[in-house]
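Derivation of every value follows stated rules applied to the coordinates shown; laboratory data play no part. Not measured: the values here are computed from a predicted model. Cβ placement follows ideal geometry from the backbone for every residue including glycine, while neighbour counts extend to all protein chains displayed.
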């Protein structure tokens, strides 16, 4: 365990022997950190909270948590968690494998996140959000949950697999975004979005099928599903399948 | 005084004996912290600044300031201040009791905040803002102040008591938001808003009386004034009055 | 060199003798800090990264970097850099003199910034952005770069000299904003903006010449070019020229 001498590790914390923990970082008692973790400087992990109801903070294998991040106790992350700097994650966040959380993002807890979800910087995920697998969320997006704030009524947002939410979007409470849907930048999503549709505007309106967007690389290929052309950082067993699917699609539709 | 051994407390700082101060936190000299305060880790309180004109940072009784927060000298907070993580508060912020400041919020100073104001995460309050009592401000809201930036003309926003500003709203300089008004998400507020009206859109337009919004809890009751159904965390002498008012209103109007 | 005893300075780092480095700040090896620098507390400078390709972090003379900021190796700043708190600057950011970066701003790297650029709080500058000289960017602005996210196609935004981008604006990939243009608050910029034009809205539409906006100080003068009335913090050799130009313009046009 390569723990910097200034790191403060509470007795009771279970930290894998090979974990690296940076200077001035605090690890509270109710924390389990698996093998291969690298925790940056100035973090605070396992902040005690009654809302966690005694559950530990569990960080899966191979995590990379960058500096100044804060995680409460009572959340669980699969292997391959990667964060930017200064992320905040509150209690009862349940996330699958390879969750990437951008710098300054704020996960409010009481939410579920699938596998291979990636948020860019400064994303706010409200309580009771349900985010599927392979979802992309870009900067300054807010998933809300209160239909008439302030109130005790909480209706989380549901985001389908492979959906993409572009920059500066607000998604209203209880909205369901379908699989593979694309939300344009600076939109307010006030109605459910069907699978593989594009919506944009304030309020967001239907702008056509996602397959109508052309990739701007001169190839003439469609930009969605994005799995046909973007594979960076995903496991090869997945990307081989994605490439095969894209080839098959192109052959069926006569694309180059 | 439960001060962590790594906390750096300048001589001259007046910190109540029972205050807790977390690891790696810095308290500068020109600071007064009252009884019952809990200050998290990695904070910096009382940052010296010529703009403070020598005034101290005064934190009232029972404050909870979460980690990585930065407060300048020259501001004053009533009892019951609660902050999220990484808040920034600049000089000459004058706030009443029970101010709650969400994670990542940025209070630019030279502003006044009433009693029981609550901001959610990532709220930006520009200089010369005047925020009333019992105001709610949701994530990614910006109160601006310069009508033609950059300039030396500063016109702060005024927000009336019990008003609610939903997520991702920009309020233009000099705008007055009336008592109990509700601003819809993703709006640009470019005209004054009358009391108890809803506005929404870019630019925001009138959408009716706040009383026309129905509470989505199956009760058929109106969602506003929100004091009729939301009392969490307010003192009981207030909430008893709010409940009595709501009951009286319902009896007069024949609601259940 | 006034380095706080708790600061961790790697051997190899070149820090000017008169530099001040605050408590709990980390300076990695591949860093060059010039004379007159003041670095706040809880910062991390020169974060190692393969993307930097071995290049150092170079901070020019007289820099002021406020607390909790994070700079990667591989970026270069001219003299007079000033930052707010908790800024993040990634690899291969090349900035001129007197760059001011507001609190919580996130410079994604692989970008160029001219002289005397000022960003307010919480500005996000995407990779491949090219920002000219004397540009102003206000809070919660995002310069994007991917025309159909996620993809490997990167088209940075270009911002001309003296342009102004107001609060809560998204600029779409590849957009060119002309010299002296003004983007209104809460806009989505989806088309190029000609020099000295105002655009606003979602999507942004032309609203006239910038010279049509009147300064709200009772003088009757135009608010743009802003150099005619706003000179705070710029070198006197520049501001004297700006004032002379404004006087000449007013004489030619009969203004007071």
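Report the residues of segment A:226-251 in range of a label on residue A:209: point 7 Å along Cα→C-beta, backbone N strictly under 19 Å from it. So the set is A:226-229, A:245-251.
Shielding value for A:75-87 is 2, the average number of Cβ atoms from other chains within 10 Å of each residue's Cβ. The label-point distance for residue C:4 and residue C:16, in a model that sets each label 7 Å from Cα toward Cβ, rounds to 2.1 nm. Considering only DSSP beta bridges whose two residues both sit in chain C, what percent are antiparallel, to the nearest 5? If we restrict to bridges inside chain C, about 10 percent are antiparallel. The calculated pair-distance distribution of segment B:214-256 uses every alpha carbon pair, bins of 5 angstrom beginning at 0, and gives 5, 24, 30, 23, 14, 4 percent. Per residue of B:145-157, other chain Cβ atoms within 10 Å of the residue Cβ number 6 on average.
Summary for residue C:155: label point 7 Å along Cα→Cβ; distances to the equivalent points in the other copies, ascending, 3.7, 3.7 nm. Distances from residue B:195 to itself in the other copies, using label points 7 Å out along the Cα-Cβ axis, amount to 5.2, 5.2 nm in increasing order. The calculated Kirkwood hydrodynamic radius for the protein assembly as shown is 26.7 Å, given to one decimal from all distinct C-alpha pairs. Here C:161, A:146, A:106 are placed in order of increasing Cβ neighbour count within 10 Å, fewest first, which gives C:161, A:146, A:106. Largest first, the extents of the alpha carbon coordinates of segment C:92-167 on the three principal axes equal 33, 21, 20 Å. Each part gets one Cα centre, and for segment C:165-220 versus segment B:143-184 those centres are 20 Å apart.
Would you mind pulling out the separation of the Cα centroids of segment A:16-32 and segment C:90-139, in Å? Cα centres, segment A:16-32 to segment C:90-139: 34 Å. When you restrict to C-alpha pairs under 8 Å that are six or more residues apart and normalise by the size of chain A, the relative contact order lands at 7 percent.
Taking the Kirkwood radius as Rh and the Cα radius of gyration as Rg, segment C:127-256 has a ratio of Rg/Rh equal to 1.03. By the equivalent-ellipsoid construction on the alpha carbon gyration tensor, chain C comes out with semi-axes of 35, 23, 13 Å, ordered largest to smallest. For the peptide A:66-73, the mean number of other protein chain Cβ atoms found within 10 angstrom of a residue's Cβ is 5. Take residue A:50, push a point 7 Å out from Cα through the beta-carbon direction, and compare it with the same point in every other copy: 4.7, 4.7 nm, smallest first.
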